Amino acid sequence: MGWQKGISLPEMLVVLIILSASISLVAPLTIDRLEKNEIKFEKKELYLLFKRLQKHAKWTGAAVEVKAQQHNLQVYSNGEPLQAKRFEKLLFDKQSLIINAKGYPERCTIKIKEPKESLEVVFSECTTKN
């Protein structure tokens, strides 16, 4: 009998078992990395939003109020809704932050509950002035 080309069923099963084992080891690491990057992106987005709101308050001469609850931020200027923003990963305690007409916030932190921990985001370039 001559040599047959191809692979046998047991050889194919061994290859599939090795592939599935390696994928099961790598997949959780990749998913965790993606989630951390999404959280990092949303924190950066939050920081940039506050910088824009500071400029808006300064340019318009009107105070801006930011109300945070769950995944949502509601922004008001002169009592009128200005903007609404929803975050998928970041979770906020119920809180309110006011940026005065000069563009300075009453405080430079906002409390966030991440999926695994709670923290305060500090706006490093922020200085509170009245």
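The values are calculated or read from the model by the stated rules, or taken from the named source; none is laboratory data. As the structure is a computational prediction, the values presented were derived from the model and not from experiment. Heads up, the Cβs are rebuilt from the backbone with ideal geometry, glycines too, and the neighbour counts pull from every protein chain shown. Just so you know, the surface numbers come from the protein's heavy atoms only, side chains and all, with ligands and any DNA or RNA stripped out. Shrake-Rupley method; radii C 1.70, N 1.55, O 1.52, S 1.80 Å.
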Under 10 Å, Cβ to Cβ, from Leu73 - net charge with Lys/Arg +1 and Asp/Glu -1
+3
Estimated distance in nm for a label pair at Ile31 and Lys67, the labels positioned 7 Å out from Cα along Cα-to-Cβ:
3.6 nm
So the carbon and sulfur contribution to the accessible area of region 46-90, 1.4 Å probe, in percent, is 47 percent
Based on Cβ point charges of +1 for Lys and Arg and -1 for Asp and Glu, what charge dipole magnitude is obtained for region 1-81 about its Cα centre, in debye rounded to the nearest 20?
420 debye
What is the distance in Å between the Cα centroid of region 1-28 and that of region 33-104?
52 Å
Helix 9-60: inclination vs the chain longest Cα principal axis, degrees, rounded to 10, gives 10 degrees
Computed [θ] at 222 nm, deg cm²/dmol, the chain (DSSP H ≥ 4; -39,500 (n - 2.57); rounded to nearest 500)
-15000 deg cm²/dmol
Suppose we keep just the alpha-carbon trace of the chain; what are its Rg and Dmax in angstrom?
25.0, 94
